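Undergrad: Here it is, the structure, as structure tokens.
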Amino acid sequence: MKTFDIKTRINFGESALDRLEELESAKILVVADPFVIKSGLIDHVTSRLERSQKDYEIFSDVVPDPPVSKISGGVQVLLQSGADTMVAIGGGSAIDSAKAMREVVEKMPERADHIRLIAIPTTSGTGSEVTAFSVVSDPENGTKIPLVDDSILPDEAILDVELVKTVPPGITADTGMDVLTHAIEAYVSTENDEFSAALAEKAVEIVGSFLLRSYLDNNDTHARRKMMNASCLAGIAFNHASLGLNHGMAHQLGAKFHIPHGRANAMLLPLVIQYNSDINKHSKSKAEYPNQVRKYATLARLLGLQNFNTITTVRALVNWVEFMMKEMDMPLCVSTMNVCSREEYFAAIPEMAEAAMLDSCTKTNPRSPTKEDIMKIYIDLW
């Protein structure tokens, strides 16, 4: 038997942030990254808490790929605050930090009470506001530690377009392609079913129509609101169906070379689609294809990429991904990013491939990769 449920209440549309004024809390801990405070985005939260006379304090020692040491510090602040509610505002780092902090506190033997967590994304990409995942980094070992448990799920999410109007084009591109990767990987995952498929298909459809618009014009509120919804839909899809090799490999690029997560996913996506489908420019038609090939072709048609046959349709999907990246001035390979030398990158490939094999996301990839398969993809990515 399988089940499907959505545990997180989603508040969206006009004035969604007004939900904060309705909270019944004795004390609130607001978790925000430094940019949210410096940019003034935090005012969207604090003004509503003050207007409704809520007692709150702010924790802002949040960094990208939150390390264990920062989570430990946040746990101490959470305990000292006595908060019964957490409001996390920011990108994936702030929301992941809040999830991990709450998880540690609630797992303490002496704790019996539940701390409510309300997640407010300021980017349209991670889907962290509706997922049971939190990624913490271990800098000493150069690894990322995925925490996966339904107890990590936020109780509520607030999607308000006011928070993403000022996101710069580069971040819009990275996070938007992250949404696309979430949706595609959830769609072809071995744990996919009709419920997650419907969400993933809709997310891909929205990305195809609105990502480029959102990238080109900050003031296109309609496009930005649509991308927030797509991010959330894709998040629910992969929370149910999990992901695949694309994320398993991207996690290692982030841990080793600090390549932004969405950008790493985007660069890998064409190569992983080709690997999973076993379709490239040299392929010839077959009588039968693996199930994931049919799914890639379905997504291609959703994007208006209907082509001559299965091979050309899947190749059109790969070409469309690369086209989108070029249109948004995203790098297509690691060598153009100046994050490391060729020698450093190739020396790290065996270790990254081993870690990608063990990554929890890789388990639900539609094709079971060998270490050599993964190493070849990393080599082609250079």
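Undergrad: Given the condition open to solvent by 50 Å² or more (accessible area, probe 1.4 Å) and closer than 22 Å to Thr364 by Cβ, answer yes or no: does some residue in the stretch 304-317 qualify?
TA: no
Undergrad: So, in the stretch 230-259, exactly how many residues are modelled with pLDDT under 90 and not in a helix (DSSP H, G or I)?
TA: 1
Undergrad: Can you pull out the residues in the stretch 135-146 that are in contact with a helix residue (DSSP H, G or I) (Cβ under 8 Å, 6 or more places away or on another chain) and either charged (D, E, K, R) or modelled with pLDDT of 80 or more (or both)?
TA: Passing the criteria: Asp138, Lys144.
Undergrad: Out of all the residues in the stretch 323-359, which are surrounded by fewer than 15 Cβ atoms within 10 Å (Cβ to Cβ), within 22 Å of the chain's Cα centre (by Cα) and in a helix (DSSP H, G or I)?
TA: Phe323, Lys326, Glu327, Leu358
Undergrad: If you don't mind, another one. So which residues in the stretch 132-159 are under 13 Å from Ser360 (Cβ atoms), touching a residue at least 60 places away in the same chain (Cβ under 8 Å) and of a type in the set (Ser, Thr, Tyr), if there are any at all?
TA: Step one: filter the stretch 132-159 for residues under 13 Å from Ser360 (Cβ atoms), giving 132-135, 143-149.
Of the ones still in play, those that are also touching a residue at least 60 places away in the same chain (Cβ under 8 Å) are 132-133, 135, 143-146, 148.
The one that is under 13 Å from Ser360 (Cβ atoms), touching a residue at least 60 places away in the same chain (Cβ under 8 Å) and of a type in the set (Ser, Thr, Tyr): Thr143.
Undergrad: Filter the stretch 44-82 for residues that are among the acidic types (Asp, Glu) and at pLDDT 90 or above; which is most open to solvent (accessible area, probe 1.4 Å)? Spell out the reasoning first.
TA: Looking only at the stretch 44-82, we keep the residues that are among the acidic types (Asp, Glu), and these are 50, 55, 57, 61, 65.
Add one more test, that the residue is at pLDDT 90 or above, and what stays is 50, 55, 57.
Values: Glu50: 106, Asp55: 84, Glu57: 65 Å².
So the residue we want is Glu50.
Undergrad: Filter the stretch 87-137 down to residues that are of a type in the set (D, E, K, R) and within 19 Å of the chain's Cα centre (by Cα) and give me whichever is farthest from Ala173 (Cα to Cα). It would help to see each step written out before you state the result.
TA: Step one: list which residues in the stretch 87-137 are of a type in the set (D, E, K, R), which gives 96, 99, 102-103, 106-107, 110-111, 113, 116, 129.
Keeping just the survivors that are within 19 Å of the chain's Cα centre (by Cα) gives 96, 99, 129.
On the way: Asp96: 21, Lys99: 25, Glu129: 19 Å.
Ranking the candidates gives Lys99 first.
Undergrad: Going through the stretch 3-25 one residue at a time, which ones are closer than 12 Å to Thr122 by Cβ and either in contact with a Ser or Thr (Cβ under 8 Å, 6 or more places away or on another chain) or open to solvent by 70 Å² or more (accessible area, probe 1.4 Å) (or both)?
TA: None; the set is empty.
Undergrad: Considering every residue within the stretch 160-180, establish whether at least one is closer than 16 Å to Leu299 by Cα, touching a residue at least 40 places away in the same chain (Cβ under 8 Å) and not in a helix (DSSP H, G or I).
TA: No.
Undergrad: State whether the residues of the stretch 288-299 include one that is without any contact (Cβ under 8 Å) to a residue 24 or more places away in the chain, among the hydroxyl-bearing types (Ser, Thr, Tyr) and either more than 21 Å from Met249 (Cβ to Cβ) or touching a Lys or Arg at 6+ places or on another chain (Cβ under 7 Å) (or both). Before you say what the answer is, go through the steps one by one.
TA: Residues of the stretch 288-299 without any contact (Cβ under 8 Å) to a residue 24 or more places away in the chain: 288-289, 293-294, 297.
Filter again for among the hydroxyl-bearing types (Ser, Thr, Tyr), leaving 289.
Next cut, either more than 21 Å from Met249 (Cβ to Cβ) or touching a Lys or Arg at 6+ places or on another chain (Cβ under 7 Å) (or both) only: 289.
Yes, the stretch 288-299 contains at least one residue that is without any contact (Cβ under 8 Å) to a residue 24 or more places away in the chain, among the hydroxyl-bearing types (Ser, Thr, Tyr) and either more than 21 Å from Met249 (Cβ to Cβ) or touching a Lys or Arg at 6+ places or on another chain (Cβ under 7 Å) (or both).
Undergrad: Limited to the stretch 218-254, what total is found for residues that are farther than 16 Å from Thr175 by Cβ and open to solvent by 30 Å² or more (accessible area, probe 1.4 Å)?
TA: 5
Undergrad: Quick one: which residue in Ala186, Ala250, Ala255 is under 30 Å from Val339 (Cα atoms) and touching a strand residue (DSSP E or B) at 6+ places or on another chain (Cβ under 7 Å)?
TA: It is Ala255.
Undergrad: Additional query: Scan the stretch 269-277 and give yes if some residue there is open to solvent by 10 Å² or more (accessible area, probe 1.4 Å) and without any contact (Cβ under 8 Å) to a residue 12 or more places away in the chain, otherwise no.
TA: no
Undergrad: For the stretch 26-43: of the residues being assigned to a loop (DSSP other than H, G, I, E, B) and at negative phi, which is surrounded by the most Cβ atoms within 10 Å (Cβ to Cβ)?
TA: Among those residues, the one meeting the criterion is Asp33.
Undergrad: For the structure I just gave you, tell me whether Phe195 is over 20 Å from Lys295 (Cβ atoms) and either modelled with pLDDT under 95 or not in a loop (DSSP other than H, G, I, E, B) (or both).
TA: Here the answer is no, as Phe195 does not meet what is asked.
Undergrad: Out of all the residues in the stretch 99-109, is one or more buried (at least 24 other Cβ atoms within 10 Å of the Cβ), touching a strand residue (DSSP E or B) at 6+ places or on another chain (Cβ under 8 Å) and in contact (Cβ under 8 Å) with a residue 60 or more places away in the chain? Before the answer, list the steps.
TA: Going through the stretch 99-109, the residues buried (at least 24 other Cβ atoms within 10 Å of the Cβ) turn out to be 99, 101-102.
Those still in the list that are touching a strand residue (DSSP E or B) at 6+ places or on another chain (Cβ under 8 Å) too: 99, 101-102.
Okay, now just the ones that are also in contact (Cβ under 8 Å) with a residue 60 or more places away in the chain, so 101.
Yes, because at least one residue in the stretch 99-109 is buried (at least 24 other Cβ atoms within 10 Å of the Cβ), touching a strand residue (DSSP E or B) at 6+ places or on another chain (Cβ under 8 Å) and in contact (Cβ under 8 Å) with a residue 60 or more places away in the chain.
The values are calculated or read from the model by the stated rules, or taken from the named source; none is laboratory data. Since we're looking at a predicted model, the values are computed, not measured. So basically every Cβ, Gly included, is an ideal-geometry build from the backbone, and we count neighbours across all protein chains shown. Surface accessibility is based on the protein's heavy atoms, side chains included, excluding ligands, DNA and RNA. Shrake-Rupley method; radii C 1.70, N 1.55, O 1.52, S 1.80 Å.
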